[in-house]
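Asker: Got a structure here, written out as structure tokens. Questions coming.
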Amino acid sequence: LDTYLSKRTQVANERPWRTEAGQTSGATRQERYSRTQINNDLILNLSGQQIAEGVTASGLVGFNVNMRENDNVRGRGRDIVIPDLYNVYNFERQNIYADLTEKQRLMGLFAQATVDYGDWAFFNLTGRNDWSSTLPKENNSYFYPSASLSVIFTEALGWQNQWLDYGKLRLSY
């Protein structure tokens, strides 16, 4: 949970020379911003399990929920009516702005599977599907997968070389 509330007040005092002349003066600017974000992950992890001679598999599955809520109110006033009362409504000229509460929710399911051979060849698959509250209900889901293959060729070929200690090739989509 990450949340905060910020209140700001700026005051320009009444000008005595205007008061003596029967005129109003002074100003205020008041703002209130709030933001709340909740992020929750649940991850089940499968550590490396040998599935054949020299072959190990590992993986994870998970669920994520992220909710955000923001709002703000701003007000300005000029020409104070009752001296030393700095409420926006105590000014002859007022401007008040408010942004309605903005809410966003993102939920996702994800998975990853890795198979390695001899600690030098690795095949990895991932996938995630998200559902967003900011998209149309009939089209609020999107999926993004990936696949990669990597080989540590210095290990696979048994290279012990002064000019190349570690070499790896990776192909990813």
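The values are calculated or read from the model by the stated rules, or taken from the named source; none is laboratory data. Since the model is a prediction, treat every value here as computed from it, not as a measurement. Cβ coordinates were reconstructed from backbone atoms using ideal geometry, including for glycine residues, and neighbour counts include every protein chain displayed. These accessible areas exclude ligands, DNA and RNA; they are computed on the full protein's heavy atoms, side chains included. Shrake-Rupley method; radii C 1.70, N 1.55, O 1.52, S 1.80 Å.
Asker: Look through Q112, Q37 and report the one residue that is in contact with a strand residue (DSSP E or B) (Cβ under 7 Å, 6 or more places away or on another chain), at pLDDT 95 or above and surrounded by 16 or more Cβ atoms within 10 Å (Cβ to Cβ).
Answerer: Just a single option satisfies the conditions, and that option is Q112.
Asker: Further question: Cβ contacts < 7 Å: first residue in contact (Cβ under 8 Å) with a residue 60 or more places away in the chain, restricted to the range 76-105; second residue among the hydroxyl-bearing types (S, T, Y) and open to solvent by less than 90 Å² (accessible area, probe 1.4 Å), any location; separation 6+ or different chain. Result?
Answerer: I80/T24; I80/S25; Y86/T28; V88/T28; F91/T28; E92/T24
Asker: How many residues, within the range 132-173, are modelled with pLDDT of 95 or more, aliphatic (A, V, I, L, M) and closer than 30 Å to M107 by Cβ?
Answerer: 1
Asker: So, in the range 118-148, exactly how many residues are within 23 Å of G54 (Cβ to Cβ) and open to solvent by less than 70 Å² (accessible area, probe 1.4 Å)?
Answerer: Of the residues in the range 118-148, 6 are within 23 Å of G54 (Cβ to Cβ) and open to solvent by less than 70 Å² (accessible area, probe 1.4 Å).
Asker: Okay, next question. Counting only residues that are closer than 30 Å to F123 by Cβ, give me the strands (runs of 3 or more DSSP E) lying completely in the range 1-111 with at least 3 of them.
Answerer: 27-52, 55-80
Asker: Which one is farthest from G26 (Cα to Cα) among residues in the range 69-97 that are open to solvent by 70 Å² or more (accessible area, probe 1.4 Å) and among the hydrophobic types (A, V, I, L, M, F, W, C)?
Answerer: It comes out as I96.
Asker: Tell me which strands (runs of 3 or more DSSP E) are completely within the range 114-173 and hold 3 or more residues being closer than 19 Å to V61 by Cα, or say none if there are none.
Answerer: By residue number, 121-132, 141-151.
Asker: Now, a different point. Among the listed residues V81, V151, identify the single one that is under 30 Å from Q49 (Cβ atoms), aliphatic (A, V, I, L, M) and over 21 Å from the mean Cα position of the chain (by Cα).
Answerer: Among V81, V151, only V151 is under 30 Å from Q49 (Cβ atoms), aliphatic (A, V, I, L, M) and over 21 Å from the mean Cα position of the chain (by Cα).
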